[in-house]
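The values are calculated or read from the model by the stated rules, or taken from the named source; none is laboratory data. Quick caveat, the model's predicted, so the values are computed rather than measured. Cβ placement follows ideal geometry from the backbone for every residue including glycine, while neighbour counts extend to all protein chains displayed. Note: accessible area is taken over every heavy atom of the protein model, side chains too, but ligands, DNA and RNA are not part of it. Shrake-Rupley method; radii C 1.70, N 1.55, O 1.52, S 1.80 Å.
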Amino acid sequence: MSTQRLRNEDYHDYSSTDVSPEESPSEGLNNFSSQGSYQRFGESNSTTWFQTLIHLLKGNIGTGLLGLPLAVKNAGILIGPLSLLVMGIIAVHCMSILVKCAHHFCRRLNKPFVDYGETVMYGLESSPSSWLRNHAHWGRHIVDFFLIVTQLGFCCVYFVFLADNFKQVIEAANGTTNNCHNNETVILTPTMDSRLYMLSFLPFLVLLVFVRNLRVLSIFSLLANITMLVSLVMLYQFIVQNIPDPSGLPLVAPWKTYPLFFGTAIFAFEGIGMVLPLENKMKDPQKFPLILYVGMAIVTALYISLGCLGYLQFGANIQGSITLNLPNCWLYQSVKLLYSVGIFFTYALQFYVPAEIIIPFFVSRVPEHWELVVDLSVRTMLVCLTCILAILIPRLDLVISLVGSVSSSALALIIPPLLEITTYYSEGMSPLTIAKDALISILGFVGFVVGTYEALYELIQPSSAPIFINSTGAFV
């Protein structure tokens, strides 16, 4: 299979997924025998509606979920859940827009499948503006650019997450007990700076991304799925117990922190890149809209419940990842380690997307005997780049908010409504639909600008020092 074909029709299974389907990588390689020969109906290895639902759920549940309690704090205990609900409705609407436009071009061009970038390119070619039609190829480049930024941003988040969680587990080792219920004072043993932890992970992650075989990566995906599922069950089991009186929590947070909520929330909801591949692999694609709505309803309920329960449990002490608030007993320290193991292996799956876009550009320009050296060198440099960016922005909450505001808002909120306008405007659209699409894109753009500004401002001039100690309801 050519690299270009992999890029166009397979790797988008992982665009915006924090945990990729364990069987999808190996399936993806077998789905295409030649360009354009993929059959959507009747394939023996097509997915059932239940498998598609599971893949959709796994693709939307990852590190963004763990940052939502802090996001609720930045919006308020009343405004936070309501905003998550509204954002979930808008996000799934934008996903349905993308699927509808992709179907439109599949029928018009008699193609079995178009990906996100191709859909945007064809949408610009249908635009009534001659300038947009002449520059339609930039639509694919724009989507690829934001996809690269998003996925490498995820990788930066993973560096910070791994460093913060391992640092906390190691520093609290001398105070870790087997009793998770008695109040105890946490005594932390100072170790090295979190940036040094990031550097210590660097060589291992470099070796991990040298694995280029999707079948091997599918094994890592399965391991990540298991560890993260077990961790989430244990996390919920803790936060539903002995919730403190919430009367002291603000219903509405200061407006200045709301853009940080937006960045974190859209980071969590940015799963739009996976909807077209999932729909394309279904045995009965007509059922996909229902699966999409049911799956995203479950995801939204999970986001709202964890965000609210986490904030109610830990209050103002909530940190960038809720795992950092868990008690210092071995049971919950194991949750941090399990989730970290899952995140470590998921790094390679997230890295696969930008690698398949960037590496062919360099490999195609060198002699054949240099291809492997250049391939591995580019992979090393990209991992080092994500590590350097994580070191420059070592606060997990700000990294998540910044990535969400910069790139996730473009892919999930800004581009799909504009795509609908360019696709159907020439065929006739109601003024109400145009106004609705314009409003969603404007809201996404405002969130992009204000969220990015606030995240950068907080990074340069923090309003309060980040919390580095473990602080939970189980400790004094």
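A few notes on this one:
- Intensity falloff of the range 187-286 expressed as log10 I(q)/I(0), Debye formula with alpha-carbon point scatterers, at q = 0.13, 0.23 Å⁻¹: -1.07, -1.22
- Once the C-beta distance of Val233 and Trp330 is scaled by a Förster radius of 22 Å, the resulting FRET efficiency is 0.85 to the nearest 0.05.
- Accessible area per residue for the range 132-173, computed on protein heavy atoms with a 1.4 Å probe, is 33 Å².
- Rounded, prolate or oblate (a/c below 1.5 giving rounded, otherwise prolate when a/b exceeds b/c) for the range 364-436 by Cα gyration tensor: oblate
- Amide H contacts for Met282 (H built 1.01 Å from N in the peptide plane; partners 5 or more residues away or on another chain; cut-off under 5 Å): Thr47.
- Potential lengthening between Tyr457 and Ile298 on full extension [0.36 nm per residue; Cα-Cα distance subtracted]: 53.8 nm
- Mean Cβ neighbour count within 10 Å, used as a protection proxy, ranking 127-140, 283-296 highest first: 283-296, 127-140
- Above-threshold pairs, the threshold being 32 Å between Cα atoms, out of Lys167/Lys256; Lys111/Lys436; Lys73/Lys100; Lys73/Lys281: Lys73/Lys100; Lys73/Lys281
- For the range 219-270: rounded, prolate or oblate by the Cα gyration tensor [a/c cutoff 1.5]: oblate
- Extension gain for Ser305 to Ile226 (0.36 nm times residue separation, less C-alpha to C-alpha distance): 26.3 nm.
- Cleavage-rule hits (GluC sites (Glu not before Pro)) in the range 362-420: DSSP loop, at most 11 neighbouring Cβ within 10 angstrom: none
- For the range 266-305, the square roots a ≥ b ≥ c of the C-alpha gyration tensor eigenvalues yield an a/c of 1.5 or more together with a/b not exceeding b/c, which makes the shape oblate.
- FRET efficiency, Met381 to Ile54 (Cβ-Cβ, R0 45 Å, nearest 0.05): 0.80
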